[in-house]
Amino acid sequence: MISIKNINKWYGDFQVLTDCSTEVKKGEVIVVCGPSGSGKSTLIKCVNALEPFQKGDIVVDGTSIADPKTNLPKLRSRVGMVFQHFELFPHLTITENLTIAQIKVLGRSKEEATKKGLQLLERVGLSDHAHKHPGQLSGGQQQRVAIARALAMDPVVMLFDEPTSALDPEMVNEVLDVMVQLAHEGMTMMCVTHEMGFARKVADRVIFMDKGQIVEDCEKEEFFGDVNARSERAQQFLNKILQH
Amino acid sequence: MDFSGVIPAIPGMWNGMLMTLQLMVMGIVGGIIIGTILALMRLSSNKLASRLAGAYVNYFRSIPLLLVITWFYLAVPFVLRWITGEDTPIGAFTSCVVAFMMFEAAYFCEIVRAGVQSISRGQMGAAQALGMTYGQMMRLIILPQAFRKMTPLLLQQSIILFQDTSLVYTVGLVDFLNSARSSGDIIGRSNEFLIVAGLVYFTISFAASRLVKFMQKRLAV
């Protein structure tokens, strides 16, 4: 589904990604973790070409991103993305947030888009809020709407960029529940997150990044199983975040 | 002081006010449209477009409005004749409207640019991630939010233009100030008429700027 091949990216002289390669199969759930500044958000944003890269290629469902002939907006419309800061459109109602891209990008009718949007809103448990504006919702609610908005486009894969990092602790679970449900339904997912509980529960593979490189890329059981078999940097990281 | 002569002159001054408002509205609408296009050029990654728009803005912000008005009135017909070989008078009104649009566009460009830049980059990312093209993103997501934030500044600039329309007296257009002054000159009561004109300008501009303050407070919430 996603094939990342030797991605290299520089900001000026500073190399943020060095030879990153991995594969994501259909239906797989991948958790990407690592210390801040390790390039994990940058890597995931390369997958839908929100961040350009200078070397290597990423192929998403048969479409190459590095190919200059690729219609990037069209490719992005098939890749759902959820952001750390939700990024709902504050000038639109929740319903409009859910329908605008369906109508303008996919060319669906307003009725069809609204029906689809409201179905998904119900699925994330927020039907009562359809007519509100994003500012009237809590962070957790906004993030659930953002997930519904991405799902409304019928994506072939979902990307999550630290979806719970900006949330109050009480609201983390309501978002993770939606993500767990998605994973169980067989959605292909790539999640940058520090929620190791989520990783243990639904991830198929865990990728650990440090200094712009993929240091570990292994099955979940292997990753959490024998900590001593992990690289030194991954051990340090796991010790810190699994301590409590 | 004798203000009794003002009453019979009101219809003439009203016509002048209509001229002022007409010039202002056309200047604002044209200025915002051209200004938005200039702002998008300035913000675009196309270096040539960005530099052209930048040069335009810097040029028009560095010269007096009075010069732009007289230049359009005197020089443009001259240039047109030079190009087409025949007399093409464009008239005082048209030349003033065009001058206002072009001049205000430089200021509106900077307001729109600041407005667009005040919208977080994440909004652009979200719009793009949903598959929107650059045009869709600007039209549906970024500009509507930017204009909402800019409304007070746009109104502020409009109040300035409302006052600046009085400069059209140089090319003989009868706006509000010009009609008040000539009405006063006819009956030898210039001072009274200028006081009245001043009060009218003050009342309208002051009321409008109060409205802006009120809107700022409401939009800030």
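A short reminder: the numbers here are calculations on the coordinates, not readings from a lab. Treat the numbers as computed from the prediction; the structure is a model and nothing was measured. Ideal geometry is used to build each Cβ from the backbone, glycine not excepted, and the neighbour counts take in all protein chains shown.
So which of B:115, B:125, B:135 is in a helix (DSSP H, G or I), in contact with a Leu (Cβ under 6 Å, 6 or more places away or on another chain) and within 14 Å of chain A (Cβ to nearest Cβ)? Quick ask: steps written out before the conclusion?
Details: B:115 fails: in contact with a Leu (Cβ under 6 Å, 6 or more places away or on another chain); B:135 fails: in contact with a Leu (Cβ under 6 Å, 6 or more places away or on another chain).
None of the other options fit; the residue is B:125.
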Residues of the range B:157-204 satisfying the condition of being under 30 Å from residue A:91 (Cβ atoms) and surrounded by fewer than 16 Cβ atoms within 10 Å (Cβ to Cβ): B:160
Residue within the range A:105-112 that is within 9 Å of chain B (Cβ to nearest Cβ), buried (at least 18 other Cβ atoms within 10 Å of the Cβ) and either without any contact (Cβ under 8 Å) to a residue 24 or more places away in the chain or among the β-branched types (Val, Ile, Thr) (or both) present: yes
Residue list for the range A:191-217, restricted to those being without any contact (Cβ under 8 Å) to a residue 60 or more places away in the chain and in contact with a Phe, Trp or Tyr (Cβ under 9 Å, 6 or more places away or on another chain): A:200, A:216
Criterion (at the interface with chain B (Cβ under 8 Å from one of its Cβ atoms), of a type in the set (A, V, I, L, M) and either under 14 Å from the mean Cα position of the chain (by Cα) or buried (at least 19 other Cβ atoms within 10 Å of the Cβ) (or both)) met by exactly one of A:60, A:79: A:79
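Does residue B:76 satisfy the criteria of being away from chain A (no Cβ under 14 Å), over 30 Å from residue A:65 (Cα atoms), in contact with a Ser or Thr (Cβ under 9 Å, 6 or more places away or on another chain) and surrounded by fewer than 22 Cβ atoms within 10 Å (Cβ to Cβ)?
Yes, satisfied.
Do you know which residues across the range B:79-90 are part of a loop (DSSP other than H, G, I, E, B) and either surrounded by fewer than 10 Cβ atoms within 10 Å (Cβ to Cβ) or of a type in the set (Ser, Thr, Tyr) (or both)? Talk me through it step by step, then tell me what you get.
Taking the range B:79-90 as the starting set, the residues that turn out to be part of a loop (DSSP other than H, G, I, E, B) are B:85-90.
Within the range B:79-90, B:85, B:86, B:87, B:88 qualify.
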Residue that is nearest to the other protein chains (Cβ to nearest Cβ), among those in the range A:82-104 that are β-branched (Val, Ile, Thr) and surrounded by fewer than 20 Cβ atoms within 10 Å (Cβ to Cβ): A:103
Answer residue from the range B:28-67, given it is of a type in the set (S, T, N, Q) and surrounded by fewer than 12 Cβ atoms within 10 Å (Cβ to Cβ) and is farthest from residue B:117 (Cα to Cα) among those: B:62
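Restricting to the range B:1-18, and then to whatever is in contact with a helix residue (DSSP H, G or I) (Cβ under 7 Å, 6 or more places away or on another chain) and aliphatic (A, V, I, L, M), can you tell me which residue is surrounded by the fewest Cβ atoms within 10 Å (Cβ to Cβ)?
First, pick out the residues of the range B:1-18 that are in contact with a helix residue (DSSP H, G or I) (Cβ under 7 Å, 6 or more places away or on another chain): B:1-3, B:5-6, B:9, B:12-13, B:15-17.
Filter once more, so that each one left must be aliphatic (A, V, I, L, M): B:1, B:6, B:9, B:13, B:17.
On the way: B:1: 6, B:6: 19, B:9: 20, B:13: 24, B:17: 19.
Among those that are in contact with a helix residue (DSSP H, G or I) (Cβ under 7 Å, 6 or more places away or on another chain) and aliphatic (A, V, I, L, M), it is B:1.
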